[in-house]
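Trainee: Dumping the structure here so I can ask a few things about it.
The values are calculated or read from the model by the stated rules, or taken from the named source; none is laboratory data. Owing to the predicted nature of the structure, the values given are computational and were not obtained by experimental measurement. Here the Cβ positions follow ideal geometry from the backbone for every residue, glycine too, while neighbour counts run over all protein chains shown.
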Amino acid sequence: MAEAAGIFAREFPYLDCYVQLGVAQGRVLSVSFPSQPDPDSREDHELLDRIEGYLQGAQEDFREVTVALTVPTDQRRVLEAVREIPYGEEASVSQVAVMAAGLSGDEAAAHEQVRLALDANPAPIFIPDHRVRDGPSAAPPAVEQKLRSLEGL
């Protein structure tokens, strides 16, 4: 990924919003879906080009994109497990809890930890929480549904 740092945003008609990235030191810090971009944002970033290809049907998994995860350890385990769900496939909250080995507590507590991590996901699309069928997504519901539809879920 280019070493450009800053805020980057591009409008994507398929999503009916912008995709806005916060990037620093080659890492994605955040992904959001505003109706209007930050006034200081720029459109020229290779990840926005890749997102455009993905939204046009390219089977992109973004696994090699570095996401800065400044979240508690249990949430990190969950989000790293979610990154392993392949394009066009989905998993349940229960399956993600198993994939994220080491979550504390009983089954109900582990499921709650998964839901909390999904809800706090700083980088939807790059951490594809839309592939978890019965969990929350950090993306707006309309965006989540379009991503699911795009992947045939």
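Trainee: State which residue is surrounded by the fewest Cβ atoms within 10 Å (Cβ to Cβ) when the search covers only the stretch 128-148 and only residues that are more than 19 Å from Gln56 (Cα to Cα) and in contact with a Leu (Cβ under 8 Å, 6 or more places away or on another chain).
Mentor: As a first pass, look at the stretch 128-148 and keep what is more than 19 Å from Gln56 (Cα to Cα): 129, 132-138, 140-141.
Okay, now just the ones that are also in contact with a Leu (Cβ under 8 Å, 6 or more places away or on another chain), so 129, 132-133, 135-138.
Values: Asp129: 26, Val132: 25, Arg133: 12, Gly135: 23, Pro136: 18, Ser137: 20, Ala138: 23.
So, considering only residues that are more than 19 Å from Gln56 (Cα to Cα) and in contact with a Leu (Cβ under 8 Å, 6 or more places away or on another chain), the one surrounded by the fewest Cβ atoms within 10 Å (Cβ to Cβ) is Arg133.
Trainee: Also, I was wondering about something else. Looking at the stretch 48-107, which of its residues are in a helix (DSSP H, G or I) and among the small types (Gly, Ala, Ser)? I'd like the intermediate steps shown before the answer.
Mentor: The first filter runs over the stretch 48-107 and keeps only residues in a helix (DSSP H, G or I), leaving 48-55, 73-82, 93-99, 107.
Matches in the stretch 48-107: Gly53, Ala81, Ser94, Ala97.
Trainee: Could I ask something else about it? Examine the stretch 48-59 for a residue that is touching a Cys at 6+ places or on another chain (Cβ under 8 Å), of a type outside the set (A, V, I, L, M), closer than 24 Å to Gln145 by Cα and outside the structural domain of Glu144 (by TED's automatic domain parsing), and state whether such a residue exists. Steps first, please.
Mentor: Going through the stretch 48-59, the residues touching a Cys at 6+ places or on another chain (Cβ under 8 Å) turn out to be none.
No, because not a single residue in the stretch 48-59 is touching a Cys at 6+ places or on another chain (Cβ under 8 Å), of a type outside the set (A, V, I, L, M), closer than 24 Å to Gln145 by Cα and outside the structural domain of Glu144 (by TED's automatic domain parsing).
Trainee: At pLDDT below 95, crowded, with 21+ Cβ neighbours inside 10 Å and hydrophobic (A, V, I, L, M, F, W, C): which single residue out of Ala81, Ala100, Ala109 fits that description? Even if it seems obvious, please write down each step before you answer.
Mentor: Working: Ala81 fails: at pLDDT below 95; Ala109 fails: crowded, with 21+ Cβ neighbours inside 10 Å.
Step by step, each of Ala81, Ala100, Ala109 is checked, and only Ala100 is at pLDDT below 95, crowded, with 21+ Cβ neighbours inside 10 Å and hydrophobic (A, V, I, L, M, F, W, C).
Trainee: Sticking with this structure for a sec: What are the residues in the stretch 22-46 that are assigned to a loop (DSSP other than H, G, I, E, B), small (Gly, Ala, Ser) and modelled with pLDDT of 95 or more, if any? Let's see the steps before the verdict.
Mentor: Our first condition is that a residue be assigned to a loop (DSSP other than H, G, I, E, B); within the stretch 22-46, this holds for 25-26, 33-41, 43-45.
Keeping just the survivors that are small (Gly, Ala, Ser) gives 26, 35, 41.
Of everything in the stretch 22-46, those that are assigned to a loop (DSSP other than H, G, I, E, B), small (Gly, Ala, Ser) and modelled with pLDDT of 95 or more turn out to be Ser35, Ser41.
Trainee: Answer yes or no as to whether Arg10 is outside any helix (DSSP H, G or I), of a type in the set (D, E, K, R) and touching a helix residue (DSSP H, G or I) at 6+ places or on another chain (Cβ under 9 Å).
Mentor: Values: outside any helix (DSSP H, G or I): yes; of a type in the set (D, E, K, R): yes; touching a helix residue (DSSP H, G or I) at 6+ places or on another chain (Cβ under 9 Å): yes.
When the stated conditions are applied, Arg10 passes them.
Trainee: How many residues are assigned to a loop (DSSP other than H, G, I, E, B) and free of Cβ contacts under 8 Å to residues at least 40 places away in the same chain if we restrict to the stretch 117-137? Can you show your working first?
Mentor: Let us first name the residues in the stretch 117-137 that are assigned to a loop (DSSP other than H, G, I, E, B), namely 120-128, 133-137.
Within this subset, residues satisfying the condition of being free of Cβ contacts under 8 Å to residues at least 40 places away in the same chain are 136-137.
Residues in the stretch 117-137 being assigned to a loop (DSSP other than H, G, I, E, B) and free of Cβ contacts under 8 Å to residues at least 40 places away in the same chain: 2 in total.
Trainee: Only residues that are buried (at least 24 other Cβ atoms within 10 Å of the Cβ) and within 15 Å of Pro34 (Cα to Cα): list them for the stretch 118-127, please.
Mentor: Ala123, Ile125
Trainee: Continuing with the same structure: What single numbered condition from (1) in contact with a strand residue (DSSP E or B) (Cβ under 8 Å, 6 or more places away or on another chain); (2) within 22 Å of Arg63 (Cα to Cα); (3) surrounded by 13 or more Cβ atoms within 10 Å (Cβ to Cβ) fails to hold for Gly26?
Mentor: (1)
Trainee: Is it fair to say Arg10 is at pLDDT 95 or above and charged (D, E, K, R)? Reasoning before the result, please.
Mentor: Values: at pLDDT 95 or above: yes; charged (D, E, K, R): yes.
Against the criterion (at pLDDT 95 or above and charged (D, E, K, R)), Arg10 qualifies.
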